[in-house]
Amino acid sequence: MEQSSPLSSYFRQNALNKSHLAEANYAKDPLDADNLTKWGRALLQLSRYLNGQDSKKMIQDGILKLQEALVIDPLKHDTLFLLGKCFTALKSNDPTEAKGYLHKALACFQKASHVDPGNAIYFSSVQQLTKELEMNKDIHTTTWMDKGILTFSLDGLFTGAAASSEAKALEMDTELHTDSEKDKDIHTNTEMDKEDIHTNAFDKQFIDAASSKVKSVKETSDLKQ
């Protein structure tokens, strides 16, 4: 949990405001993948200010929002990357479960990098987490993000373990933008990509819940028409 300070209080309130705004926008357009991604990001931010199961529940709520977005747009790379960060934030005293979270994070980072191969942050995230998993085969109670292996400053560059808590909070508030040229061939394998995402990155319970939610929204929308 982030330490209380005027700056951290500001970021907490800012994240709360963004969460409320995203929730309001969701009521207007529940099939807006960008808005769902913003909601997931805000929930991940808010989890930093909670402890134990409350923090974990907030992260899981964020994961659900992000997976709803990916049901709508399976190749949305910024959502994939953010989902990976959610998995790095999950904690467990069970070594197998903890490592499972990191492998899911890696799958998300790899997928994001595959969709947007020119993105240096995605590529570096894959390299850093791959190395960390190879070097630390007994990861359990401390998450990858907590170790400070990979944090981002405001300009999106890696800052390492020396990053302050405020800097880590700031990076959560930084939108991912890139001018990279998209690889058009990627979109020809959408169905294969969907299967890969579902198999390697997501818990079935989240996928089922997200898919059911999107299906329900679409059916309601069709009835109104």
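The values are calculated or read from the model by the stated rules, or taken from the named source; none is laboratory data. Since the model is a prediction, treat every value here as computed from it, not as a measurement. Note: ideal-geometry Cβ built from the backbone for every residue, glycine included; neighbour counts use all protein chains shown. The area values use the complete protein model at the heavy-atom level, side chains included, leaving out ligands, DNA and RNA. Shrake-Rupley method; radii C 1.70, N 1.55, O 1.52, S 1.80 Å.
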Item to check | Index of the failed condition, K76 passing every other in (1) of a type outside the set (S, T, N, Q); (2) over 15 Å from L133 (Cα atoms); (3) open to solvent by less than 20 Å² (accessible area, probe 1.4 Å) | outcome: (3)
Checklist entry - Do we find that A98 is part of a helix (DSSP H, G or I), surrounded by fewer than 22 Cβ atoms within 10 Å (Cβ to Cβ), aliphatic (A, V, I, L, M) and within 18 Å of the chain's Cα centre (by Cα) in this structure? => result yes
Next on the checklist: When you check K111 against the structure, is it in contact (Cβ under 8 Å) with a residue 60 or more places away in the chain and either part of a loop (DSSP other than H, G, I, E, B) or buried (at least 20 other Cβ atoms within 10 Å of the Cβ) (or both), yes or no?
Outcome noted: yes
Item to check | Close pairs from the stretch 14-34: first touching a residue at least 40 places away in the same chain (Cβ under 8 Å) and under 17 Å from L64 (Cα atoms), partner open to solvent by less than 70 Å² (accessible area, probe 1.4 Å) and assigned to a loop (DSSP other than H, G, I, E, B), Cβ under 8 Å, at least 6 apart | outcome: A33/D73; A33/K76
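Kindly indicate whether A89 is of a type outside the set (D, E) and modelled with pLDDT under 55.
No.
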Item to check | Filtered residues of the stretch 69-81 (kept if in a helix (DSSP H, G or I) and either among the small types (G, A, S) or touching a Lys or Arg at 6+ places or on another chain (Cβ under 6 Å) (or both)) | outcome: A69, L80
Next on the checklist: I'm checking my understanding of the structure. Among residues of the stretch 7-58 that are among the acidic types (D, E) and in a helix (DSSP H, G or I), which one is nearest to K91 (Cα to Cα)?
Outcome noted: D54
